Amino acid sequence: MNKCDGESINVNNKERNHHQPDLLAQLIDTEAKIKELEQQQKQYEKQIKHMYKSNTWQKTGWLRKAYALVTGKAGRKQAAYIHYLETQLEATLEQLYATKELLSEQMVHNPGLSQYQIIDVIKEKKREGLLMDYLDKLIVHKQVLENNYNKALTYAARTFMKEQPAFRNHVYEQVLQGLKIEDIPEFMIRAGLDEESIPLVSTASYRASLNMRMRQYQWMGSLPEWSLDDKQEAYAFMDQLDIRRPWTSEHSFPLSDMPQHTQVAIKPVDGAGSRGVYLVRANDDIIDLKRANSIKSWNDLKTAMQEDLDSGWVEKDEWFMEELIFENKLEKQAASDVKFYCFYGKVGVILEIKRYPELAYCWWTADGQRIHTGKYEDELFKGQGVSKQELQLAANLSLEIPAPFIRIDFLRSEDGLVFGEFTPKPGNYDGFDQQTDQWLGDLFLEAEGRLSQDLLNGKSFEAFRRKMETTQQ
């Protein structure tokens, strides 16, 4: 193949890829419209069947026959009038549809609109098969508005460039609150490096930092912390560092071959959160952790696990067992979760979770203050917190991992914390309020700086390297 042929194929592939999103959008809307039409057809068929079975229809058969006999010229006039009315109705419906479209576009821009009203608009567009076109309009409108706001805010800041530093910085700080990090102009960032600098607090974001970390993961195919997302790899790492963790079954198994043991936790190999997790305290005392239900027999347990597979809660029929950790063994109280948000040697926040008899959460700072973060606000409880030794355990462990952030999850036992798992990307990490997001964002940036300095100073991360070498063998 000559070079021209190769270029031709590349161009064709690019054109094909360029058109693919348009085809997907058409397919999404077409499928929704088909579902809507099928639903309408079922409704019409149901109404027709009901009409045919009605007493009125059956008793007026003679009248319909007589009407057919007497209709002549008058009938044709009536038919023409009906056609006129139908045409008028069609025009009115088109006008109504156009008005409805305009209203639905304006609705989302209404600041007084509630989240639930916005959700209803989106649901209706999806049901009608019009969502993709609606999304295009929303995105364009949002981009235009943001561009206009950014220009106005940036120009307002620019008018104070040559004012005295106190005035300039006051205006800059206010303008920074309305700009995303990628929209901040260079002249304002430059002001953050002067002797009389402005704090660039609003530029930090935990959410944005994790988003960028996920983009790195896409490009690189792997990152150091993601090798610990595998539970068996994480357990091997804990064994190297001599940190207590639960014993686990040597091999995974399908539901049909599940061994019958007590005082174990049964979990899916590729599980997420508490879905598909069961705490077997005894054969007749089993807790479905996700549903917070009590199960009274082994057969009922198997039924619940099969439902997890059928519903898609658990994707693969591949399970394992691990030691059931008790917070109070005498009362058969299962361990609560203690999750440390670690930023390479520093703990930002701690999340304490009680899962039974009902789900409840408690947020802590590293210095022992209970706080609100914007997450789980309706399900908070007063937890017991952590000790200085436990805090130091998590902080020191995060220093063994060459990554700016990782969440380290423990289980609280009767005699201390037991390692649970590493979480490089916590679920719903975008749910923190702005204040918490900026604070954790600063910790993320600080951690990146400390990690870079340690790497420049020759830190070898021996335990982590040994773990990686063992994995590759």
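The aspartates and glutamates whose alpha-carbon is closer than 17 Å to the alpha-carbon of Lys46, local same-chain residues fewer than 8 away aside, are Glu36, Glu38. Put a dot 7 Å past the Cα of Ser452, heading toward its Cβ, do the same for Asp136, and the two dots end up 4.2 nm apart.
Hey, with R₀ at 60 Å, roughly what FRET efficiency would Asn147 and Asn396 work out to, going by the Cβ-Cβ distance, to 0.05? Spell out each step's value before the answer.
On the way: r = 47 Å, r/R0 = 0.79.
Efficiency, rounded to the nearest 0.05: 0.80.
Backbone N atoms of the stretch 429-445 closer than 15 Å to the 7 Å Cα→Cβ label point of Lys180 belong to residues 430. Contact order for the stretch 247-324, expressed relative to its length and based on alpha carbon pairs under 8 Å spaced 6+ residues apart, stands at 42 percent.
Please compute the net charge surrounding Asn396, taking Lys and Arg as +1 and Asp and Glu as -1 over other residues with Cβ under 13 Å from its Cβ. Kindly include the intermediate steps, with their values, before the conclusion.
Details: positive: Lys346, Lys388; negative: Asp242, Glu390, Glu400.
Result for the local shell: -1.
Listed by Cβ neighbour count within 10 Å, with the fewest neighbours leading, Cys362, Cys342 appear as Cys362, Cys342.
Taking a ≥ b ≥ c as the square roots of the eigenvalues of the Cα gyration tensor, the stretch 247-324 is classed as rounded, since a/c falls below 1.5. Here the relative contact order of the stretch 404-453, from alpha carbon pairs under 8 Å that lie six or more residues apart, stands at 37 percent. The separation of the stretch 173-204 from the stretch 446-467, counted between C-alpha centres, amounts to 30 Å. With 23 Å as the limit, the listed pairs Lys126/Lys425; Lys296/Lys316; Lys267/Lys425; Lys231/Lys339; Lys388/Lys467 have Lys126/Lys425; Lys296/Lys316; Lys388/Lys467 beyond it between alpha carbons. Computed on the stretch 245-374, with alpha-carbon pairs under 8 angstrom and 6+ residues apart, the relative contact order is 21 percent.
Taking a point 7 Å from the Cα of Trp247 along the Cα-to-Cβ direction, the residues of the stretch 316-346 with backbone N closer than 12 Å to it are 322-324. Here is the tail figure for the stretch 133-203: Cα pairs spaced more than 19 Å apart come to 37 percent of all pairs. Neighbours of Asn150, meaning other residues whose beta-carbon lies under 11 angstrom from its beta-carbon, give a summed charge of -1 when Lys and Arg score +1 and Asp and Glu score -1.
Fewest to most neighbouring Cβ within 10 Å: what's the order for Tyr429, Tyr341, Tyr149?
Ascending Cβ contact count within 10 Å gives the list Tyr149, Tyr429, Tyr341.
Provide the FRET efficiency to the nearest 0.05 for the Thr471-Lys332 pair, computing r from the beta carbons and using R0 = 45 Å. Provide the component values of the computation, followed by the final result.
Details: r = 37 Å, r/R0 = 0.82.
So, using R0 = 45 Å, E works out to roughly 0.75.
Express in whole angstrom the spacing between the alpha-carbon centres of the stretch 298-363 and the stretch 129-162. So the separation of the two Cα centres works out to 43 Å.
Taken together, the values in this text are just the output of simple stated rules run on the coordinates, not laboratory data. Owing to the predicted nature of the structure, the values given are computational and were not obtained by experimental measurement. No Cβ is skipped: glycine too gets one built from the backbone with ideal geometry, and neighbour counts run over all protein chains shown.
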